[in-house]
Amino acid sequence: MGREQWKAALRHPVGAVAAALLVALALLAVVAPMLWGDAAEETDPAALSQGSTSEHLLGTDALGRDILLRVLVATRYSLGLALLATAICVVIGVLLGVLPAVLGRRAGRLVTAAVNLAVAFPGLLLALFFAVIFGVGARGAVLAIGLAGAPSFARLVQTNVAAVAGRDYVAAARVAGVGRFRLIARHLLPNIGEPLVVNATVLAGGALLAFAGLSFLGLGVQPPAYDWGRLLGEGLDRIYINPAAALAPGVAVVVAGLAFTLLGESIAQVVGVRAVRRRRVPAAEPAPLVAAEPAAAAVLAADDLRVGFPAPGGGWTHPVDGVGLTVRRGETVGIVGESGSGKSLTALAVAQLVPDAAQVTAGRLEVAGVAPLGRADAEVRELLGTKVAMVFQDPMTSFNPSMRVGRQLAEVTRVHERQGKRAALARAVDRLRTVRVPAPERRAHQYPHEFSGGMRQRAMIAMGLMSTPELIIADEPTTALDVTVQRQVLRLLKDVQAETGAAVVLISHDIAVVAQLCERVVVMYAGRVVEELPVDRLGAAAHPYTRALLASVPDLATDRDRPLATIPGRPPDPSDRPEGCAFAPRCEFADDACRMRPSLSAVAADQRAACWHPRTRPLDLTLDAVTGGQA
């Protein structure tokens, strides 16, 4: 930690009090033995087991020695032994924690398994076990406490090392031939130092309490030496005669333990555990796109698709209300619209992933040759599990954070194709390589949080490719990504579509993104399809809503002095949808005819619009203007 971070921690009220206590204890540990060391050993036969007096404020022990002086002098021994045990714990914990990152895979797994096994046992039981092995006395107690606390500290080190061991600079150091000890000292430990310092400080307080406990039980410091735990055990026998004899060393243990713990907590609050920034690995240039030849059969055919939810007052509310959609094999179709237009819910209904409370009905619904409605869930999963792939908006919430990525990908093949564990993992690595994830063998053994946003999205696409899907539904796959990674993911979807021949349905609120990838665009508004047209005819969009979406896309030629184009008003609530055209309250061309719901009718070749007043004047728009020249 830097000097400013330490200052910030010490400016914290709790940190300031804890630091002041530790400074006072440190001074006492240095000064007390020099000033009162001999006096604490003096016996007074005339004052054996005496209570509080003017000469002995806290009374005397069974040999007439002053209890207050002995508590003060014991500060050095008590703190010294606790810090020594903490140092042993930290050193062993760090060694065990970094070994899996520098050893081979098998040896690293053995070390990790041993640490996990040790962590499963309570620390106090381990300390008692080691105390018996190493023998009674201060040396045995120090080793016992240090070894008992090492597994938990090693687990902490392993967790933090795992976050940085896969970084590019660590890989570069290995390639450059950096030795293991230098790799640990220069590349791993400096990047996880802050959480280790915080936890070592808290651990010192726990070690102090543990050491006092062992001495109290007679397993720690032995006479004639003494520490706070030993004094506490001696004073407990006479607690009803002279309570101060037991309370004084007990208070000392509690105050010192709290000082260490509170300082660690204040550092954690002010400094925090530094998050390791994940750099996105640049993707290799994708291969040239080879257009797939669409087959005549449709991989998705939906007619009058409706998704309803129970309304609070009875009846049903339909966020998706009468959608018709056809996607041919090898075709790429985009579904666009504002939030709440029913795009994602339509995709979930197609994939049979709607919530349990939802009711899906359709005049016709066929997905990859399967009619899922009316079938049991297990049967639908068996039929569609290998034919439909979903790429969700946020893969971080779609991946199980407690499972390695490779295992999650392999699970698809193991469940649906009954492959063995090793063969399924090999396929997972191959699919990660297909979507251009660097070092797929290593990445397959990592957890989702160790992937960048772009890499997680690639892994989600790889999961869809574990079988041979006929339909890939990508629901807002680029929303959380920056422009560079967004372009890489879109190109990857193009390549996957070309290589597998699968149909792709891309859902987005951004019509510019859809125009980069798709051949045909379906525009939804208020749960209904309002226009359907080829991408190359976007400039001739007929529905006022589609034209408004296009007008709201800025480009480099946009006049920055003019306000951005917006669509006035808000989409209607599904439970309070207008009887006629849902867009009429926001449309400048609406009239009395719009009180009736328009049907989706042909306005040109391969173009349909649900509008009583379709626009015929072409927009001053080119495809490059919509896509920013990246189509």
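Results, tabulated for the structure shown:
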{"quantity": "Furthest towards positive pole of dipole, 498, 518, 508, structure part the stretch 452-521, Cβ charges", "calculated": "498"}
{"quantity": "Calculated FRET value between residue 255 and residue 132, using beta carbons and R₀ = 22 Å, to 0.05", "calculated": "0.15"}
{"quantity": "Extension reserve of the residue 364-residue 240 stretch, reckoned as 0.36 nm per residue once the Cα distance is removed", "calculated": "36.0 nm"}
{"quantity": "Under 9 Å, Cβ to Cβ, from residue 55 - net charge with Lys/Arg +1 and Asp/Glu -1", "calculated": "-2"}
{"quantity": "For the stretch 465-588, size of Cβ-based charge dipole, Lys and Arg +1, Asp and Glu -1, in debye", "calculated": "200"}
{"quantity": "Förster-model FRET efficiency, 60 Å R0, residue 316 and residue 139, C-beta, rounded to 0.05", "calculated": "0.20"}
{"quantity": "Two-decimal Rg to Rh for the stretch 430-496 - Kirkwood Rh, Cα set", "calculated": "0.93"}
{"quantity": "Local electrostatic count at residue 67 - Lys and Arg +1, Asp and Glu -1, tallied over other residues with Cβ under 11 Å", "calculated": "0"}
{"quantity": "Gain upon complete extension [residue 433, residue 42; 0.36 nm per residue less C-alpha separation]", "calculated": "133.0 nm"}
{"quantity": "Sequence of 492, 263 once ranked by neighbouring C-beta atoms within 10 Å, starting from the fewest", "calculated": "492, 263"}
{"quantity": "Computed lengthening from residue 483 to residue 421, 0.36 nm per intervening residue step minus Cα-Cα distance", "calculated": "18.6 nm"}
{"quantity": "Ranked list, fewest to most other Cβ atoms within 10 Å of each Cβ, for 52, 508", "calculated": "52, 508"}
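Rule-based calculations on the coordinates, nothing more; no lab input. Note that the structure is predicted; figures quoted are calculated from it, not measured. Quick reminder, even Gly has a Cβ in these numbers, built from the backbone with ideal geometry, and neighbours come from all protein chains shown.
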